[in-house]
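Novice: Would you mind keeping the following structure in view while I ask a few things?
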Amino acid sequence: MIIALNHKSNLGKEDFLEYIEKMYQIKTTHELIICPSFINIGQISPNKMKIGSQNVSNYEKGAHTGEINPEQLKSYGVMYSIIGHSERRQEQKETIEDIRKKIDNLKQNQITPILCVGETKEERAEKKVKEVLKREIQTAIEDQGEGIIIAYEPIWSIGTGLIPSNKEIKKTIQYIKELSPKAKVLYGGSVNEENIDILKDIEIVDGYLLGGLSLKPEKLQILLNKIN
Ligand code: PGA
C-alpha cells in the first residue's frame, strides 16, 4: 500500500530533525512517502525515505520569485508531489487551470502527482459527489491516469474526525477508478491508528493520505502494523 504523509505547514528545523530520526526507525513493507514543508525537504536522505512535496510551481525554472520548480525538486530526490489539496484550492485560490499546469510540469519531469479531489459537506448533501469528482479529475487528467495517484479526500472529513462509511468510500473509489482506470487511488481524511481497524477492510483502496497522524511516528507505526 501507499502511505503518503502530508505535514502541511508544520515542524521547524529542530523538531523536524528529531522527527526524521524517528521516521528512519519505522518498520514497514508499505510504500511510505513523506511530504514535508519545502524548507525541510533537504534534511531527508532520499535513500532512506521516499520524498514528496506539497506543491510545485506552474512554471519551469526562471524568473518566478518564490516558486519551486520540478527540476529543483528532483535535485533533492523528490519523486512525488501533492497537487490540488483542498486547502490550496481554498486558501491559495488554486484553479483547475493551475492544477492542470502543475500536473503537466511534474509529468515532464518524471515526478508522480498525487492529485487531491473531494466534495464539500454541502456538495455531499446535494448529492453532487460524482459530479464534483468527475470535474476535478477530468479537468486535471486527460488519459487513463497512468502514473498518477489520486487521493480521495472528502473536504468535510479533513481534520474533523468524521469519516464516510466503508460502503461509501468503496463506492466512490470504484467511481474514481472508472474515470481513471490506471490511477492508484488513496483515501484521506481523519485516518488514524484506531479507525484503520475499520478502514482496512476496504480492499479497493491502494493506500492512505495522512495529515495529522503523519506528525506522530509512534502512532503511524501502530497504523502500519495493523495494515501489514
Ligand atoms: P487529516 O488530513 O488526516 O489530518 O484529516 C488529511 C489531509 O489533509 O491530507
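Novice: Order these peptides, 2-15, 19-32, by their mean beta-carbon neighbour count within 10 angstrom, highest first.
Specialist: 2-15, 19-32
Novice: Same structure, new question: So which aspartates and glutamates pass the test for Lys107, namely a Cα distance under 17 Å, with those fewer than 8 places away in the same chain ruled out?
Specialist: Glu60, Glu71, Glu97, Asp98, Glu142, Asp143, Glu146
Novice: Report ³J(HN,Hα) in whole Hz for each residue of region 203-219, in order, from the Karplus equation J = 6.51 cos²θ - 1.76 cosθ + 1.60 where θ = phi - 60°; Gly and Pro get x.
Specialist: Computed from phi, the couplings for region 203-219 are 6, 6, 6, 8, x, 9, 10, 10, x, x, 5, 5, 8, 10, x, 5, 5 Hz.
Novice: Of the cross-linked pairs Lys134/Lys182; Lys177/Lys200; Lys128/Lys167; Lys22/Lys50; Lys171/Lys200, which ones have a Cα-Cα span greater than 23 Å in the structure shown?
Specialist: Among Lys134/Lys182; Lys177/Lys200; Lys128/Lys167; Lys22/Lys50; Lys171/Lys200, the Cα-Cα distance tops 23 Å for no pair.
Novice: Where Lys and Arg each count +1 and Asp and Glu each count -1, what net charge lies around Val205 among other residues with Cβ under 15 Å from its Cβ?
Specialist: Taking every Cβ under 15 Å from that of Val205, the sum is 0.
Novice: Could you pull out every residue, at least 5 positions away or on a different chain, whose amide H is within less than 5 Å of the one on Ile83? Hs are placed 1.01 Å off N in the peptide plane, and Pro or chain starts have none.
Specialist: Result for Ile83 returns Ile114, Leu115, Cys116.
Novice: Can I ask one more? For the chain, what's the relative contact order in percent, using C-alpha pairs closer than 8 Å and at least 6 residues apart?
Specialist: 20 percent
Novice: Still on this structure, I have one more. Given the -39500 (n - 2.57) contribution per DSSP H run of 4+ residues, what per-residue ellipticity at 222 nm results for the chain, rounded to the nearest 500 deg cm²/dmol?
Specialist: The helix-only estimate for the chain comes to -10500 deg cm²/dmol at 222 nm.
Novice: On to the next question. If contacts are Cα pairs under 8 angstrom and at least 6 residues apart, what is the relative contact order of region 23-67 in percent?
Specialist: Answer for region 23-67 is 36 percent.
Novice: Name the long-range amide H neighbours of Val78: under 5 Å, sequence gap of 5 or more, or other chain; modelled H, no Pro or chain starts.
Specialist: Answer set, sorted by chain and number: none.
Novice: Taking a quarter of the surface of the Cα convex hull of region 51-128, what do you get in nm²?
Specialist: Across all orientations, region 51-128 yields a mean hull projection of 5.7 nm².
Novice: Another one. In what sequence, highest mean first, do 160-168, 47-55 appear when ranked by Cβ atoms within 10 angstrom?
Specialist: Taking the mean over residues of other Cβ atoms within 10 Å, the ranking is 47-55, 160-168.
Novice: Of the candidates Pro154, Pro181, Pro36, which one comes out as most mobile in a Gaussian network treatment of the chain with C-alpha springs shorter than 10 Å?
Specialist: Pro181
Novice: From the gyration tensor of the Cα coordinates in the chain, what semi-axes in whole Å does the equivalent ellipsoid have, largest first, with each one equal to sqrt(5λ)?
Specialist: Semi-axis lengths for the chain are 25, 23, 15 Å.
FYI, it's all coordinate maths here, none of it is from the lab. Everything numeric in this text was worked out from a predicted model, so none of it was measured. Neighbour counts are summed over all protein chains in view; Cβ atoms, including those assigned to glycine, are modelled from backbone coordinates with ideal geometry.
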